[in-house]
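Report on the structure given below.
The values are calculated or read from the model by the stated rules, or taken from the named source; none is laboratory data. The shown structure was predicted, so the numbers you read here are calculated from the model rather than taken from an experiment. All Cβ positions, glycine included, derive from the backbone under ideal geometry; neighbour counts span all protein chains shown. Please note that ligands, DNA and RNA were not included when accessible areas were found on the heavy atoms of the full protein model with its side chains. Shrake-Rupley method; radii C 1.70, N 1.55, O 1.52, S 1.80 Å.
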Amino acid sequence: MKKVLTIFAIFCICNSLAYSQITAPSNLRCETEHPFYVKVRWDDNSNNESGFFVERATNLDSADWEIAGRVSQNMRIFNDYWITYGQKYFYRSFAYNNSGFSGYSNIDSVIALGDTTNLPGKPTNLRVTNTTMTSISMIWDDNSNNEFGFIIARKKPGDIFFEYIDTVQTDVLTYQDVGLTPDNLYVYKVCSYNGTGISDYSNSVSAVTKESTRITRHNLEIANNFFIGNNYPNPFNPVTNIKFAIPSRSFVKITIYNSQGSQQEILLNNFLSSGTYTISWNAGTFSSGVYFYGIEADGFKELRKMILIK
């Protein structure tokens, strides 16, 4: 599934549609820079832009255009690394600032040159397997026997184009994206790569992280020192509560780890005013075992153990 992005979609990042205030770029041309990318150039005809967006398509159908990337003010070159050899691409660009955006430049096309005989096959059937408040797990099908690994790309909230975020090794067909924000939409796609180049990308999938953990402030309890207590109940199934205190406004992070010390979930990652709080953890998607929870706040760190029994 490709995200359809036209000029109208950029409305959400502009304050108004002041079309005539920015002069459109012109003389756009593109060429393959062997072996790994397409170079797109254009002439800058404005003196008030904040930057330029570059759109790409594999045909001239208006539904096929998507944002390939963005460059800053006075930049007139964009390098597109997400290409498949033998594929024909069309490019166009436009300028933007806080008031609006220009019209499009001319359209130019190029066939990405390179050795297509040894390219890895593209992965397929990308799907989400699990979501928590701060993580999304996914899996895909491998259609290649010569890849070095896979590249994961993500579009996080507020983004209008994909960015590479990580790689995994050959035959690794799963990925967990951690450290996310609760109750937010994320979109993913993957491709395979080797020494020749990269495959086309897989289908795109989206997932929404779970809503934020419930946190309660105890208004009648004064916090004189940093403190984190034993969770209750313990053992538990599947919800437990963690009481903690901070004597002054602090950035507080509370993290869940498994018995090997690997991060499983971030319960809290934000500023809090001084006070005593209780935060709950719902471990409904986790298996039985020993877990640890830790707090970090203004130099204070402490780790405690808990047991989940199902």
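Show the residue pairs meeting these rules: Cβ distance below 7 Å; 6+ apart or different chains; first residue within the range 33-55 and part of a loop (DSSP other than H, G, I, E, B); second residue modelled with pLDDT of 90 or more and surrounded by fewer than 17 Cβ atoms within 10 Å (Cβ to Cβ).
Partner pairs satisfying both residue conditions: D44/N74; D44/R76; N45/T23; N45/S26; S46/T23; E49/Q73; S50/Q73.
Among the numbered criteria (1) of a type in the set (S, T, N, Q); (2) more than 20 Å from N230 (Cβ to Cβ); (3) over 26 Å from the mean Cα position of the chain (by Cα), which one does Q263 miss?
So the condition that Q263 fails would be (3).
Being open to solvent by 50 Å² or more (accessible area, probe 1.4 Å) and within 30 Å of I83 (Cα to Cα), is that true of even one residue in the range 206-221?
yes
Just one of the numbered conditions (1) in a loop (DSSP other than H, G, I, E, B); (2) in contact with a Phe, Trp or Tyr (Cβ under 9 Å, 6 or more places away or on another chain) is not true of G121; which one?
So G121 meets the others, but not (2).
Tell me, which residue of the range 79-108 that is at pLDDT 95 or above and open to solvent by 20 Å² or more (accessible area, probe 1.4 Å) is farthest from T196 (Cα to Cα)?
Within the range 79-108, the match that is farthest from T196 (Cα to Cα) is Y104.
Table: residues versus (1) open to solvent by 50 Å² or more (accessible area, probe 1.4 Å); (2) part of a strand (DSSP E or B); (3) hydroxyl-bearing (S, T, Y); (4) modelled with pLDDT under 90.
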site: T117; (1), (2), (3), (4): yes, no, yes, yes
site: T129; (1), (2), (3), (4): yes, yes, yes, no
site: S137; (1), (2), (3), (4): no, yes, yes, no
site: F150; (1), (2), (3), (4): no, yes, no, no
site: P157; (1), (2), (3), (4): yes, no, no, yes
site: P182; (1), (2), (3), (4): no, no, no, yes
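Can you name the residue in the range 22-63 that is under 26 Å from the mean Cα position of the chain (by Cα) and among the aromatic types (F, W, Y) and, of all such residues, is farthest from G100 (Cα to Cα)?
Filtering first and then ranking leaves F36.
Check K253, K243, K189 and return the single one that is crowded, with 20+ Cβ neighbours inside 10 Å and among the basic types (K, R).
So the residue among K253, K243, K189 that is crowded, with 20+ Cβ neighbours inside 10 Å and among the basic types (K, R) is K189.
Quick check on the range 145-165. Is at least one of its residues without any contact (Cβ under 8 Å) to a residue 24 or more places away in the chain, among the acidic types (D, E) and more than 30 Å from I279 (Cα to Cα)?
The answer is yes; a qualifying residue exists.
Just to be sure, is Y201 buried (at least 17 other Cβ atoms within 10 Å of the Cβ), of a type in the set (S, T, Y) and at pLDDT 95 or above?
no
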